[in-house]
Structure formats: C-alpha cells, structure tokens
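What follows is a single structure, written as structure tokens, with notes after it.
The values are calculated or read from the model by the stated rules, or taken from the named source; none is laboratory data. Predicted, not measured: the structure shown is a model, and the values here were computed from it. Heads up, the Cβs are rebuilt from the backbone with ideal geometry, glycines too, and the neighbour counts pull from every protein chain shown. Heads up: the accessible areas ignore ligands, DNA and RNA and are worked out on the full protein's heavy atoms, side chains in. Shrake-Rupley method; radii C 1.70, N 1.55, O 1.52, S 1.80 Å.
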Amino acid sequence: MASQMAILLRTRSLLSKTTIKTITTFPFLSQEPQLVDLTPTSSLPPNPASGSPLYNENWRSPFPPSSSSTHALAPLGSYNRAISDTYDAHTLLDLFGDWVASQRWEDVKQLFEAWVRSLDKNGKPNKPDVNLFNHYLRANLMLGSSAADLLDLVSQMDHFNVSPNTASYNLVLKAMFQANETLAAEKLLQRMLQSGSESPPDDESYDLVIGMLFSTNQIDAAFKYIDLTLKSGNMLSMAVFRECVKRCVNKRRLDTLVTVIERCRTTEQNKALCPSWNMCNFIAEIALQEDNSKLAFYGLEFMAKWMVKGERARPPVFLSVDEGLVLSALLTAGRTYSSELLGAAWAVLDRSLRKTKAPNPESFLGKIYALASLGNLQKAFSTLNEYESAYGDSGQEAEDLFCPFTSLHPLVVACSKKGFETLDNVYFQLENLSRAERPYKSVAALNCVILGCANIWDLDRAYQTFESIGSSFGLTPDIHSYNGLMYAFGRLKKTHEASKVFEHLVSLGLKPNAKSYSLLVDAHLINRDVKSALAVIDDMTTAGFEPSRETLKKVRRRCMREMDYESDDRVQSLANSLNYRMGSEGRRDMLFNLDYSMGYA
C-alpha cells in the first residue's frame with residue numbers, strides 16, 4: 001500500500017511538469033500566448049506640466065468627458081480632428097479674419113473649439129493667443145451669447161496662460177450694452193482701469209459705458225467718464241458728443257456742455273471736434289435762447305469750420321449762416337458783454353455774404369448796440385460810418401434808420417454813460433475825424449451827442465453841438481437834430497423855446513415827423529398845459545400822423561390830475577376813434593391821492 005502511494009505521487013509531479021497539447025475544433029483555444037513587444041508604437045502623451053486644461057482629452061481619451069459647466073468650451077462638433085490639425089495659429093488667424101468679414105460666426109466658433117482640443121505638429125496641445133480668443137469671443141457675441149457667458153469665456157483665457165486685452169473686455173461691454181446692464185458695465189470699466197497697462201479702456205470702452213449711462217439718465221456719472229476719457233487722452237466719439245448735447249439741452253445744463261467743449265479743445269485728440277452742420281445750428285440757437293454767449297461762440301466757431309472746409313473742397317461747397325441767427329448772436333453779445341461772440345458773429349456773417357451784398361440794417365444796428373454795450377465807442381462810430389455808407393442814401397427810409405431816439409438809442413446811452421466826460425471825448429474825436437485825410441462827417445453821430453447832452457440835462461452842450469453841425473462840420477441839421485434840441489428844452493420846462501425850435505424847422509421847409517409832435521406835446525404837459533397839448537395833437541392829426549397810445553395816456557393822466565374832465569372826454573373820444581384801449585389808472589390814482597399828512601402817525 002505504501003509503495004502504491006509513492007508511485008501516485010511521482011506520477012503527479014511528472015504531470016505537472018509536462019505540457020499537454022490537445023486537439024480541438026475551436027480556433028481560439030489553439031492560440032498560444034505571445035510575448036509583449038516593449039517597443040513603443042506611438043509618441044508620448046503630452047506633458048502635464050504644459051498647462052493645457054484639456055490634458056485628459058488627449059489620445060488616451062479620444063472623447064472628452066462631459067462637463068457640468070454650460071459656459072466651458074463646447075466638445076468637438078462636425079469638424080474633423082484631422083482638419084483642425086492642419087492649421088497653426090497664424091494660419092487660423094488669417095482664416096478667422098476672412099470668416100469674420102463674411103460673418104461665418106458659427107464656423108469660427110466650431111473650428112476654434114476643435115482646434116484647441118487638438119495637437120500641433122510637435123504633439124503638444126494647441127494654445128491660442130489673445131487675438132484668436134477675441135475672434136472666438138466675437139463669434140459668441142454675434143451668436144447671441146449673454147454678457148455672463150462671455151465673462152466665463154474670458155475667465156477661461158487664464159487656463160491657456162492668455163491675458164485678456166482691451167478688445168476682449170470691449171466685446172463683453174458690447175454684450176452689456178445690448179442688455180443695458182449699466183451697473184455691470186461700470187464695474188467692468190473700473191476693473192479695466194485698475195488693470196493698469198494690461199487692458200486699459202480705450203475710446204470704444206468709454207463710449208459704450210457713457211452711452212449706457214446717458215440712456216438711463218445718469219447724467220453726472222456720464223460726465224464723470226467723459227472727463228476720464230479726455231484726461232486719459234482718448235477721443236470722444238461724435239455719437240457720444242451728440243448725446244451729450246441733447247442731454248445738456250434737455251436738462252438745461254449748458255454750462256456743463258461748454259465745459260466739455262473746452263476740455264475737448266485742450267486735448268490733441270479732440271481739438272478737431274466738429275459736429276454736423278445741423279447740430280451746429282441747433283447748438284447756436286439753444287445758446288442764444290438762453291443767452292449763453294460762450295456756447296453760442298462755440299456753435300458759430302463750428303459753423304465757420306464747416307464753411308472753410310466747404311470752400312476748400314473741389315468742387316467748392318458754399319455754406320451760409322442765416323442772417324437772423326447772426327443778428328440774435330449780436331444782440332446776445334450786447335446783453336452779455338461778450339466781445340468774443342461779437343467778433344465771431346460778424347466774421348461768420350461777412351464770410352456768408354462773400355462781399356456780394358451789404359449786411360441788412362438790422363445787422364449793423366445789432367453790431368452798434370453790442371459795441372456800445374461794451375463801451376467801445378470808437379468801433380461803434382466806425383460801424384456807424386459803414387452803416388451810413390451802405391444805407392445813407394435811402395431817402396425817407398433813412399429817417400428811421402438813423403433816428404437817435406430809436407435805432408441809435410444804444411449809442412446815445414453809451415455816449416452819456418459817464419456824463420459830459422464821455423460826451424466831450426466823443427465830440428472831440430468826431431471833430432478830429434472831420435479834419436483827417438479821409439474826413440468823416442456824420443450828422444447822425446452828432447445827433448447822438450445832442451441827445452446824450454439832453455439826457456444829462458446839459459442844455460448848453462446840446463445847443464452848442466447843434467450849432468457846430470453847420471459851423472464846425474459844414475453839415476445841415478436834419479429833423480433828428482431839431483428833435484434832439486426840442487427834447488433838451490422840454491426836459492428843462494422851456495416849452496416856449498421848444499415851440500420856437502418847432503416853428504423854426506417848419507419855416508426852413510423841414511417836415512416834422514411824429515416824434516416832433518410828440519416831443520412838443522410832452523413839453524406842454526410838463527408845464528401842465530393840457531389845452532396846448534391837445535392843440536398840438538390836433539395839428540398832428542391834421543398833418544397825417546396818429547398820436548401813439550402812450551402819448552394819449554400821458555395827456556389823460558394830466559387831465560385827471562388837473563381835473564380837466566372836458567379835455568379828458570376829448571382824449572377818450574380820440575382814443576376810441578383810433579381803437580386804443582386806454583385802461584384804467586386806478587393804481588396811479590391811489591398813489592396820487594395818498595394822504596401824506598401826519599394825522600395817521
């Protein structure tokens with residue numbers, strides 16, 4: 001028994017060392033194991049230290065894993081990986097340029113996503129630069145991605161060791177502009193400002209943010225960024241300037257608009273700022289309505305630039321400014337004492353007329369008014385000389401054009417502003433000019449001096465100036481000269497002398513005008529002579545003139561105070577015949593009938 005067990009054990013050990021081969025009809029059972037070939041058949045995988053965020057999506061894993069993020073780069077679509085491998089960064093940038101021009105946004109998006117998931121010819125992942133990424137951002141913007149989506153894509157640029165530049169953030173700002181996300185746009189602009197030289201805001205950045213602020217009526221914030229735009233040396237776009245003009249006009253903040261224009265003029269990039277011709281007219285009209293001489297000056301300056309450009313063009317385009325607008329500018333210059341606006345307005349008018357015709361009388365009178373307000377009497381009388389040269393031979397019409405009581409009254413006021421000092425200075429200058437090589441002799445100028453003397457109650461100077469018209473200057477007094485002398489006598493209650501002057505001018509063959517009769521009526525009323533005043537009014541009516549409403553009210557007032565009710569009835573009847581509504585004198589009567597005695601003290 002023991003021997004049998006030993007034989008069995010020996011047999012099993014032999015069987016374990018013997019290779020048993022079997023015959024079978026199944027092919028796989030007949031395969032024998034093969035040694036593993038240690039020679040590599042492909043290149044090494046990418047180095048994880050290369051920084052590619054798609055390291056797990058190399059040749060070991062041909063299909064990228066699904067991501068929970070909805071803003072990550074999309075997986076490979078219809079583009080073949082072999083096609084994306086044929087483009088390097090420079091070639092792809094040129095291709096994207098062509099596709100952007102033809103607006104193939106979907107193709108740009110898909111090819112970029114395929115390209116960044118592929119390897120270059122050295123077996124390393126493709127790394128886009130900032131220009132390629134900006135094309136990708138623009139494609140997403142044009143395909144309707146939100147600002148949040150674009151911000152997520154911008155944040156992914158860090159994974160490729162790419163820093164976003166100004167153009168990258170501008171694309172995000174455009175998405176915010178479309179969605180009117182003003183607060184987010186302001187924060188992004190502040191981020192760009194804090195980035196320093198990496199991605200500073202440019203003209204487009206400021207324009208987008210300022211446009212959003214204006215659209216939401218955040219005027220002060222918009223002006224703050226306009227100020228930053230100009231301080232940083234960027235150019236203010238014409239669209240932003242137009243919106244700035246509209247908002248300033250609507251909010252009546254014309255001084256702010258003046259400040260913006262002045263800041264633009266001080267910067268090299270914006271000194272050539274010139275809005276459209278219609279916008280220039282709009283600016284000038286609004287400024288003149290508000291008596292803003294500075295803004296009106298800038299509006300006329302812009303228009304002058306357009307006129308110069310038109311004259312230099314080939315063929316030339318001749319632009320002209322409406323003379324009514326210039327007249328308003330002249331009057332505004334007189335009211336605001338702006339010599340700058342006065343010079344600009346007259347220069348624009350002169351260029352508009354192009355020496356083909358003289359300015360209208362109203363323009364000359366506007367310039368005289370402005371110069372007289374500024375106290376520049378020398379230029380005022382020089383303008384009067386030009387005015388007389390252009391319209392001095394207008395016959396009967398010239399009587400109203402050179403009347404010191406109406407048309408030239410601002411010059412009269414300027415002559416008597418400092419009393420006899422100014423009047424004597426003006427008279428001696430006129431006397432010197434009459435002896436110059438080209439003598440200047442003007443009855444209208446001397447009439448202004450006569451009336452100026454009457455305004456300061458200086459009858460002697462008025463009479464001497466009247467006499468010097470013939471004796472010193474060799475001229476003949478006109479009806480305004482006699483009216484000025486009558487006015488001087490009447491103010492000092494010398495009614496008899498005023499009547500003598502009236503009779504003298506009639507005896508010389510001069511025809512009195514309505515002002516002559518009115519001055520004689522005033523002279524009689526000063527002496528409380530209502531009957532004589534009514535007699536002058538009768539003569540006035542007989543001569544074909546109608547008394548003014550103011551003259552009749554003066555006569556009626558004197559009738560009431562003198563208790564001459566019969567004369568009052570005559571005045572009322574005359575007023576009814578002329579369709580004048582005289583009104584009541586209740587308030588004046590209350591003042592006239594006040595008891596100033598001490599009984600109520």
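Name every residue in segment 344-386 that is open to solvent by 40 Å² or more (accessible area, probe 1.4 Å) and part of a helix (DSSP H, G or I), in order of residue number.
The answer is TRP346, ALA347, ASP350, ARG351, GLU362, TYR369, LEU374, GLN378, LYS379, SER382, ASN385, GLU386.
State whether one or more residues within segment 563-573 are under 54 Å from the mean Cα position of the chain (by Cα), among the acidic types (Asp, Glu) and in a helix (DSSP H, G or I).
For segment 563-573, residues under 54 Å from the mean Cα position of the chain (by Cα), among the acidic types (Asp, Glu) and in a helix (DSSP H, G or I): absent.
Please pick out the residue among GLU503, GLU550, GLU546 that is of a type in the set (Asp, Glu) and over 22 Å from TYR580 (Cβ atoms).
Criteria check complete, one pass: GLU503.
Looking at (1) in a helix (DSSP H, G or I); (2) open to solvent by 50 Å² or more (accessible area, probe 1.4 Å); (3) modelled with pLDDT of 85 or more, which is the one condition that is false for VAL555?
(2)
Taking helices (runs of 4 or more DSSP H) that do not extend beyond segment 428-537, which have at least 2 residues that are under 26 Å from VAL555 (Cα atoms)?
Filter on segment 428-537 gives 443-455, 479-491, 495-507, 514-526.
For segment 179-192, name all the residues that are closer than 21 Å to MET235 by Cα and surrounded by fewer than 14 Cβ atoms within 10 Å (Cβ to Cβ).
GLN190, ARG191
For segment 392-412, which residues satisfy the criterion of being within 12 Å of ALA444 (Cα to Cα) and either open to solvent by less than 10 Å² (accessible area, probe 1.4 Å) or assigned to a helix (DSSP H, G or I) (or both)?
Within segment 392-412, ALA398, GLU399, ASP400, LEU401, PRO404, LEU408, HIS409, LEU411, VAL412 qualify.
Take LYS418 and decide whether it is open to solvent by 30 Å² or more (accessible area, probe 1.4 Å) and within 23 Å of SER328 (Cα to Cα).
No; evaluated as a whole, the condition is false for this residue.
Let's see how each residue does on (1) farther than 26 Å from LEU257 by Cα; (2) small (Gly, Ala, Ser); (3) in contact (Cβ under 8 Å) with a residue 24 or more places away in the chain:
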{"residue": "MET176", "(1), (2), (3)": "yes, no, yes"}
{"residue": "GLN194", "(1), (2), (3)": "yes, no, no"}
{"residue": "MET212", "(1), (2), (3)": "no, no, yes"}
{"residue": "ASP227", "(1), (2), (3)": "no, no, yes"}
{"residue": "GLY233", "(1), (2), (3)": "no, yes, yes"}
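Within segment 436-460, can you find the residues that are in contact (Cβ under 8 Å) with a residue 40 or more places away in the chain and open to solvent by less than 20 Å² (accessible area, probe 1.4 Å)?
SER442, ALA444, ALA445, ASN447, CYS448, ILE450, LEU451, GLY452
Check LEU459, LEU446 and return the single one that is more than 45 Å from the chain's Cα centre (by Cα) and at pLDDT 90 or above.
Being more than 45 Å from the chain's Cα centre (by Cα) and at pLDDT 90 or above holds for just one of LEU459, LEU446, which is LEU459.
Are any of the residues in segment 267-279 part of a helix (DSSP H, G or I), at pLDDT 90 or above and either more than 25 Å from TYR225 (Cα to Cα) or in contact with a strand residue (DSSP E or B) (Cβ under 6 Å, 6 or more places away or on another chain) (or both)?
The answer is yes, given that some residue of segment 267-279 is part of a helix (DSSP H, G or I), at pLDDT 90 or above and either more than 25 Å from TYR225 (Cα to Cα) or in contact with a strand residue (DSSP E or B) (Cβ under 6 Å, 6 or more places away or on another chain) (or both).
Taking LEU591 as the residue in question, decide whether it is within 30 Å of ILE456 (Cβ to Cβ), among the aliphatic types (A, V, I, L, M), modelled with pLDDT under 90 and not in a helix (DSSP H, G or I).
no
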